[in-house]
1. Take the residues in region 419-438 that are assigned to a helix (DSSP H, G or I) and near the ligand (Cβ under 7 Å from one of its atoms), then tell me which one is least open to solvent (accessible area, probe 1.4 Å).
2. Is it the case that region 465-482 has a residue that's small (Gly, Ala, Ser) and modelled with pLDDT of 75 or more?
3. Restrict the check to region 259-281 and report whether at least one residue is in contact with a Ser or Thr (Cβ under 8 Å, 6 or more places away or on another chain), of a type in the set (Val, Ile, Thr) and surrounded by 14 or more Cβ atoms within 10 Å (Cβ to Cβ).
4. Which one of the conditions (1) modelled with pLDDT of 90 or more; (2) over 30 Å from Leu83 (Cβ atoms) does Leu120 fail to meet, given that it meets all the rest?
5. Given the condition at pLDDT 80 or above, loosely packed, with under 15 Cβ neighbours inside 10 Å and closer than 19 Å to Ala109 by Cβ, answer yes or no: does some residue in region 3-20 qualify?
6. Could you count how many residues in region 148-204 are among the charged types (D, E, K, R) and touching a helix residue (DSSP H, G or I) at 6+ places or on another chain (Cβ under 8 Å)?
7. Considering every residue within region 495-505, establish whether at least one is farther than 29 Å from Asn365 by Cα, at pLDDT 80 or above and either in the same structural domain as Lys390 (by TED's automatic domain parsing) or within 7 Å of the ligand (Cβ to nearest atom) (or both).
8. When the residues of region 482-494 are narrowed to those that are under 14 Å from Gln363 (Cβ atoms) and open to solvent by 10 Å² or more (accessible area, probe 1.4 Å), which ends up farthest from the ligand (Cβ to nearest atom)?
Amino acid sequence: MSWSQPQQVEDPHDQMAILVGSAIQLLRGQSGVFVVSNEAFDPQSSTEYTLYQLSKAALPALLSYVQEGMQPNSLHPLVVETLAPDLAQQMGLAEEVIAEHGVEWCSLAVYDEVGPLGTLYFLRLGAQRSCFERQSSDEDEVEYNALQLFVTQLATSLRFALRSQALVKEQDRLAAIFQYSTEGILTVDNALRIIDFNPAMQRLTGWRENEVLGQFYFKVLRPKDRQGNDLGLQDSVILQAFAGQEVINREMVICARDGQRFAVAVTASCVRSARGEPMNGILNVHDLTSEHQQEEQRSTFISVISHELQTPIAIIKGYASTLARTDAHFNPATIRSRLVAIEEEADRLNKLVGNLLYASRIQANGLQMDITALDLEYVVRGMVRRLRAKTPDVQVSVSIPEHLPVVMADRERIEEVLQNLLDNAVKYSPRRPEVTVTCYVTGEEVIVSVSDTGMGIALREQEQIFHRFQRVGEPLSQSTPGAGLGLYICKAIIEAHGGRIWVESTLRQGSTFSFSLPREEKAPLPMVVF
Ligand code: ADP
């Protein structure tokens, strides 16, 4: 006798599948499915099926029949019906087999003293009977004692298997939370020794899990208060949680492996034994660095912008009201110099407002480029000429190789970038500024560098200066006008061209800002980039 495409149990070690398979075999069935009754087990879970020797494709036909067919109950735990040949075929049985033997559809209610657990549906060939279905003297009645005993045994084993399955799932869920949480999580035993240290915690502190397991957690985190004073063990948040206190989002400072300190908010909780004794402590660590940086950025923004707006306005107002005095007489040279100052300050205001709008446009992703083939040498020489005319005391030299390749770029934007870099080179050179502009070619790119011999930038601050409103270096750069937007805009423009911008600098010796642009033949299309 053969079944069309019999299916093996997906996981032969699956306890449920083994139990269901054995039960179907004992009942002399050939294939079937156990449907867990949701209310019986986990009302939140979706319906669970354990298939035995049945393909998943047969499941829809089987389930629709289940809904229509007679349901067994504790009085009549086993319902046996003859299955129509077309349905048997839909459930995967071969036509000849159906014709030769006929097929029975059996439903067995599985329950124990706790309640219903589910129903076992199975297909049986011909009029076969298992040893649990002995006929009583009355022809029509089935003797249920043996069957009931079997059902109770089966229910107990299935309940146990379902529980362990649920526990494994629960464990997997918890492991996934622990593994993928962006918050640092560490757990300790009742002697405060680390027993788990999740990947976020490893990223945060720089310690690997295998280096800290078994270590006293205080020694690893070296917690400090917000002023940087070491916390004593009496301040241990886990001990507080052990003592039944609530510890939620307590701010403190912890140390990374390399000694770097950072602010965190910790939440501690405790797992207790059945007798109420603390067994494990769980520490949830939330890194506050980016929140603090944002706060800092907001306050820097406000102070930079208010200073940059107020200074020119005050100068313009001061000169304008002086000139407007009716009781004073000024000679034409004085009037002219005051008007020039007013014009310069108005230009400064105009530039700031323009940069603010520019920055918000970049943020809104609206930087529009008009990219064409561009002769960089012509642009560079033009910008240097302008700089020499504006600031004759600045010594500017230019070095451009012959036949510099044409690049693909938006001329106006590249002029803005150069203008910014040249202005900075002059602005951040307290003594007599010496500026060098160099162009060179490497592989697929043309590179333009603007070097100065000015104040330079500390290594750790070199990354920050390309961010918005970041002004670094004390004290000169803070007293030099600027809103920390120029390099942010330069970076956005160059990156929109598919290029890079970077700085090499040594404190008090000078800086070289460089940007690259793709050569004409390598430039990606389309020509207009949004
Ligand atoms: P701004 O000059 O308006 O402050 P930028 O974005 O152009 O804004 O520059 C950001 C910061 O980078 C400046 O405040 C300054 O601290 C630093 N910086 C820029 N260029 C130079 C340079 N050539 N030499 C030294 N520091 C520089």
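1. My answer is Ala425.
2. Yes - at least one qualifying residue is present in region 465-482.
3. No; the residues of region 259-281 include none that is in contact with a Ser or Thr (Cβ under 8 Å, 6 or more places away or on another chain), of a type in the set (Val, Ile, Thr) and surrounded by 14 or more Cβ atoms within 10 Å (Cβ to Cβ).
4. Leu120 satisfies all of (1) modelled with pLDDT of 90 or more; (2) over 30 Å from Leu83 (Cβ atoms) except (2).
5. No, region 3-20 has no match at all.
6. 3
7. Yes, region 495-505 contains a residue that is farther than 29 Å from Asn365 by Cα, at pLDDT 80 or above and either in the same structural domain as Lys390 (by TED's automatic domain parsing) or within 7 Å of the ligand (Cβ to nearest atom) (or both).
8. Checking each candidate, the answer is Ala492.
The values are calculated or read from the model by the stated rules, or taken from the named source; none is laboratory data. As the structure is a prediction and not an experimental result, all values here were calculated from the model. Using ideal geometry, Cβ is built from the backbone for each residue, glycine included, and neighbour counts are taken over all protein chains shown. SASA here: full protein model, heavy atoms, side chains in, ligands and nucleic acids out. Shrake-Rupley method; radii C 1.70, N 1.55, O 1.52, S 1.80 Å.
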